[in-house]
Amino acid sequence: GDQLVAQLADAEANRSLASRIDPESGQLRLAIAGLEAEPGKTPELWVIPAGGAPISLGAIPQQGNFARDLSVEESSLLAAGATLAVTFEDDTGERHETPTMPILLAGPLAEVCVKSQNNSLILFRALR
């Protein structure tokens, strides 16, 4: 079925985040590199709905692979045309109301149609 993907990267800072959302299972999967934060800080993932204000998706690891289930509310926000972003926030164990500048990484969510033929063809359809 269709999945949502976002590729976020800052080549100069060697930071990257690849995200994949499976609407059917309601799972968010991340592959993270280079988000080493100062002590007392943690990377936090945000979704910015088209024309909306940023909403926190919570803290994420500084590197490695990460997966978690999304709430119904979160899934509804994670749609093609929304933007994913990462900031460093105080490590309070709670989600923050607003992101702290600077935004480290940001990129659009795009719908991916996965079709099985002899080889899997992945077609990117960025919906605007």
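Points worth noting:
- Exclusive hit being open to solvent by less than 30 Å² (accessible area, probe 1.4 Å) and out of contact with any helix residue (DSSP H, G or I) (no Cβ under 7 Å at 6 or more places or on another chain), set Leu77, Leu84: Leu84
Residue-by-condition table, conditions (1) buried (at least 19 other Cβ atoms within 10 Å of the Cβ); (2) of a type in the set (Ser, Thr, Tyr); (3) without any contact (Cβ under 8 Å) to a residue 12 or more places away in the chain; (4) not in a strand (DSSP E or B):
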residue	(1), (2), (3), (4)
Ala18	no, no, no, no
Glu24	no, no, no, yes
Gly51	no, no, yes, yes
Pro61	no, no, no, yes
Phe66	no, no, no, no
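- Flag for Thr92 being surrounded by fewer than 19 Cβ atoms within 10 Å (Cβ to Cβ) and either out of contact with any Ser or Thr (no Cβ under 6 Å at 6 or more places or on another chain) or assigned to a strand (DSSP E or B) (or both): yes
- Some residue of the stretch 35-42 being open to solvent by 40 Å² or more (accessible area, probe 1.4 Å), more than 23 Å from Thr100 (Cβ to Cβ) and not aliphatic (A, V, I, L, M): no
- Residue check, Ala106 surrounded by 12 or more Cβ atoms within 10 Å (Cβ to Cβ), of a type in the set (A, V, I, L, M, F, W, C) and at pLDDT 95 or above: yes
The values are calculated or read from the model by the stated rules, or taken from the named source; none is laboratory data. The structure displayed is predicted, hence computed values, not measured ones. Ideal geometry is used to build each Cβ from the backbone, glycine not excepted, and the neighbour counts take in all protein chains shown. Only protein heavy atoms, including side chains, enter the accessible area calculation; ligands, DNA and RNA are left aside. Shrake-Rupley method; radii C 1.70, N 1.55, O 1.52, S 1.80 Å.
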